[in-house]
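Below is one structure, written out as structure tokens; comments come after it.
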Amino acid sequence: MSKKAHAKKTGTKKRKPATAPKTANPHIKSSKPKSSSLTFADNLYAQTLFGSHNAHLALIEDALGVVIQARGAEVFIDGSPQNVETTERVLIGLYDRLTRAQDVGTQEVVAALRMTGNPERSGGGDIDDLNLEVRTQRRVISPRSTNQAEYLRAIDSSELVFGLGPAGTGKTYLAVAKAVERLVRGEVDRIILSRPAVEAGEQLGFLPGDMREKVDPYLRPLYDALYDMLPAEQVVRRLENGEIEVAPLAFMRGRTLANAFVILDEAQNTSAVQMKMFLTRLGENARMVITGDLSQVDLPKGQRSGLRDACETLEGVKGVSYLEFTSKDVVRHPLVTSIVEAYDRVEAKRHDAAPYEKND
């Protein structure tokens, strides 16, 4: 087994076999039961890995349909061969994180299960994706799904990236994290964050207050992400000196955005003209990330979304990457995943406003 994880696979032991619980997970395959055990070198790390009152082990049991018994720094695993092997990979991968001084909590366990349980990957997914890191001054951020890991790689390798999918999949948050990381490293001079103020029809003059007060309600999610990654005083200072700029889409016209990391959020609410205008702002040594959910277009009925138009127009263009998230990538409250899936089922049945239909 992996030396890096300092976990020892001790093989099959003669003991009373446990019966694996029934599970509704469609990716679990039934076959002849298998028993295995793992011994971890560090008892304190092992206890953190197992969770308070073995809560992490219970999560793994429920997700993979295995039975896990812990004794000291050793675990005994019973279940189908495939699920036992997946359990071993999850436990060793999470233990490996602990040996590198990385956190292992409920969210990390769920992320590891999501990655290893990805049926689209050969071998059931790659838990090593969990080791990707985005380092900001306030936190170290790791992907919580295989698609999130691919998204981070795409941002590193492409000048223009489209992140498409439902709410709660981390599209905007991860993009802001990469922007902050590059700014702190000195790889870009500034971050530019933008959103269309579609609810006000871009007619902001009718709202009370000065310009910043008018547009702040539409841009609040972007501010929240910034404050999550940088100390508050740094956010204020960088906003004041122009290193970080948060502005509505209408303010981008006529500019060249060079040496910058540029993010357009809620891009499904742009028109085709607005999207073309924004994309052509890209300057030298700049990265641009466009995020949006094509199932939540708030444009007037009959107006085509600029996000869909751009995705179709730029298909096959070198330097452009696309990443489509699904409800399986939702990393908010578990209920959000169920909500997204329920709406998708109803919309698919009605053939009206389906997430990626050709006509908005």
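Order these peptides, 225-235, 177-187, by their mean beta-carbon neighbour count within 10 angstrom, highest first.
Numbers: 225-235: 16.7, 177-187: 18.5.
Packing proxy ranking, top to bottom: 177-187, 225-235.
Mind listing the long-range amide H neighbours of S37? Cut-off is under 5 Å, sequence gap 5 or more, other chains count too, H placed in the peptide plane at 1.01 Å from N.
Under 5 Å from the amide H of S37 lie the amide H atoms of T10, G11, I77, each far enough along the sequence or on another chain.
May I ask which of K276/K301; K178/K276; K276/K328; K171/K301 have a Cα-Cα span longer than 22 Å here?
K178/K276; K276/K328; K171/K301
Put one equal scatterer on each alpha carbon of the stretch 122-192, apply the Debye formula with no solvent term, and list log10 I(q)/I(0) at q = 0.13, 0.18, 0.26, 0.29 1/Å to two decimals.
Relative scattering, expressed as log10 I(q)/I(0), comes to -0.38, -0.72, -1.34, -1.49.
Go through 252-259, 135-142, 59-66 and give me the packing order, highest mean Cβ count within 10 Å leading. All intermediate terms of the calculation are to be shown ahead of the outcome.
Details: 252-259: 13.1, 135-142: 15.8, 59-66: 21.9.
Answer by packing, highest mean first, reads 59-66, 135-142, 252-259.
Using alpha carbon centroids, what distance separates the stretch 146-173 and the stretch 53-89, in Å?
Between the Cα centre of the stretch 146-173 and that of the stretch 53-89, the gap is 31 Å.
Here, each number is a calculation from the coordinates, and none is a lab measurement. Since we're looking at a predicted model, the values are computed, not measured. For neighbour counting, all protein chains shown are included, and Cβ atoms are generated from backbone atoms with ideal geometry for every residue, glycine included.
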